[in-house]
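Inspection log for the structure reproduced underneath, given as structure tokens.
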Amino acid sequence: MPHILVDHDATLREFLDTRRFAHELHALAAKTVDGITIESCKTRFRCVEEVVIAHDAPRQALIHVDFAILPGRTTETKSALGQAVLDLVRAHTAAATQLTVHASVEVRDLDAAYTKHVTPAGTER
């Protein structure tokens, strides 16, 4: 926890340094939400080849961050995290000046049925 999924369309590929973004995102999450550590953050990126925005308006791009955390955080904490993540997304897509970038973030609670297991390297599976 947390589990972070970043969906973005292919037009942002040349502007978004995913590793740098993830490292900054993990640090931001650890600073913003009690109980989150950098070591606990896991971010996946999914580049989508085709996105349709409105009526296929040209030079449009989409990036959405789904940020799932353990339940128990206040609405204020989740809102602060969402705004901070959105600010980070905007900073990392600022070079895409020829595009209209549609950026969004959802901070949500993991379901109560969420379970996890980590098998350390060098141990039997």
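Residue-wise test of (1) loosely packed, with under 15 Cβ neighbours inside 10 Å; (2) within 20 Å of the chain's Cα centre (by Cα); (3) not in a loop (DSSP other than H, G, I, E, B).
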residue: A57; (1), (2), (3): yes, no, no
residue: A68; (1), (2), (3): no, yes, yes
residue: E76; (1), (2), (3): yes, yes, yes
residue: G82; (1), (2), (3): no, yes, yes
residue: L88; (1), (2), (3): no, yes, yes
residue: Q98; (1), (2), (3): yes, no, no
residue: S104; (1), (2), (3): yes, yes, yes
In segment 32-55, the residues that are surrounded by fewer than 19 Cβ atoms within 10 Å (Cβ to Cβ), of a type in the set (A, V, I, L, M, F, W, C) and not in a helix (DSSP H, G or I): F45, C47, V48, V51, V52, I53, A54
Any chance L62 is part of a helix (DSSP H, G or I), in contact with a strand residue (DSSP E or B) (Cβ under 9 Å, 6 or more places away or on another chain), surrounded by 10 or more Cβ atoms within 10 Å (Cβ to Cβ) and not aromatic (F, W, Y): no
Test set (1) at pLDDT 95 or above; (2) surrounded by 12 or more Cβ atoms within 10 Å (Cβ to Cβ) - R19 fails condition number: (2)
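Which residues, counting only those in segment 7-20, are in contact (Cβ under 8 Å) with a residue 60 or more places away in the chain and either more than 17 Å from A61 (Cα to Cα) or assigned to a strand (DSSP E or B) (or both)? Show your work before the answer.
Step one: list which residues in segment 7-20 are in contact (Cβ under 8 Å) with a residue 60 or more places away in the chain, which gives 11-12, 15-17, 20.
Listed by number, the list holds a single entry, R20.
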Hey, L110 surrounded by 10 or more Cβ atoms within 10 Å (Cβ to Cβ), free of Cβ contacts under 8 Å to residues at least 40 places away in the same chain, within 30 Å of T74 (Cα to Cα) and of a type in the set (A, V, I, L, M, F, W, C) or not: no
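Quick check on my filter: what residues within segment 22-31 are surrounded by fewer than 18 Cβ atoms within 10 Å (Cβ to Cβ) and in contact (Cβ under 8 Å) with a residue 40 or more places away in the chain? Write out each step before concluding.
Filtering segment 22-31 down to residues surrounded by fewer than 18 Cβ atoms within 10 Å (Cβ to Cβ) leaves 22-24, 27, 30-31.
Answer for segment 22-31, where residues must be surrounded by fewer than 18 Cβ atoms within 10 Å (Cβ to Cβ) and in contact (Cβ under 8 Å) with a residue 40 or more places away in the chain: just E24.
The values are calculated or read from the model by the stated rules, or taken from the named source; none is laboratory data. The model shown is predicted, which means the values in this text are computed figures rather than measured ones. FYI the Cβ positions are ideal-geometry reconstructions off the backbone, even for glycines, and counts take in every protein chain you see.
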